[in-house]
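Heads up, the thing below is written out as structure tokens.
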Amino acid sequence: MPKLSAIGIVSKDLGASIAFYRLLGVAFPKPDGDHVEAALPNGLRLMLDDLKLIKELDKDWTEPAGHRMGLAFECASPAEVDAVHATVTAAGHPSKTSPWNAPWRQRYAQVIDPDGNVVDLFAELPA
């Protein structure tokens, strides 16, 4: 069976996307072109591709409507969910959902990246 190795995000502004995901701990290197990627601690790679590159590779590409996928970042604690949410929103990125205790026993929040993708932040609540 093939294994999921990477997730790619089309970015209208690589610099803004890199800055956003660095706030979430993704160690993107300085880009030297229209593609950049970083290995995550679990081995998965997160890739950013400039919109211009994608339109060159796929002449029929159109911007999707709605949220067709989500990214979820697990935090070490409920307090870290609050702290990361505060850091990201203080940097000027919008919040979709402020931190709250969800009925599925997680501290949960959502922020929006520079391209309009909703990114979840969560941590298990103590028993």
| field | Considering residues of segment 112-127 that are over 10 Å from the mean Cα position of the chain (by Cα) and modelled with pLDDT of 95 or more only, the residue farthest from Ala76 (Cα to Cα) | value | Leu125
| note | Of the listed residues (Pro114, Pro78), the one being surrounded by 13 or more Cβ atoms within 10 Å (Cβ to Cβ), farther than 16 Å from Gly25 by Cβ and in contact with a Phe, Trp or Tyr (Cβ under 7 Å, 6 or more places away or on another chain) is Pro114
| field | Qualifying residue in segment 30-52 (condition: open to solvent by 50 Å² or more (accessible area, probe 1.4 Å), at pLDDT 95 or above, farther than 24 Å from Thr97 by Cα and in contact with a helix residue (DSSP H, G or I) (Cβ under 6 Å, 6 or more places away or on another chain)) | value | yes
| query | Under the condition of being under 12 Å from the mean Cα position of the chain (by Cα) and without any contact (Cβ under 8 Å) to a residue 60 or more places away in the chain, which residue from segment 1-26 is most open to solvent (accessible area, probe 1.4 Å)? | reply | Arg22
| said: For segment 81-111, give me each residue that is without any contact (Cβ under 8 Å) to a residue 40 or more places away in the chain, open to solvent by less than 30 Å² (accessible area, probe 1.4 Å) and hydrophobic (A, V, I, L, M, F, W, C). | reply: Ala102, Ala109, Val111
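Residue-wise test of (1) touching a Ser or Thr at 6+ places or on another chain (Cβ under 7 Å); (2) of a type in the set (A, V, I, L, M); (3) part of a loop (DSSP other than H, G, I, E, B).
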| residue | (1), (2), (3) |
| --- | --- |
| Ser17 | yes, no, no |
| Gly25 | no, no, yes |
| Pro29 | no, no, yes |
| Val36 | no, yes, no |
| Asn42 | no, no, yes |
| Asp49 | yes, no, no |
| Glu56 | no, no, no |
| Thr62 | no, no, yes |
| Ala76 | no, yes, yes |
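The values are calculated or read from the model by the stated rules, or taken from the named source; none is laboratory data. Quick caveat: nothing in here was measured; it's all calculated off a predicted structure. Because the Cβ atoms are built from the backbone with ideal geometry, glycine has one as well, and the counts that use them run over all protein chains shown. The accessibility values were calculated without ligands, DNA or RNA, using every heavy atom of the protein model including side chains. Shrake-Rupley method; radii C 1.70, N 1.55, O 1.52, S 1.80 Å.
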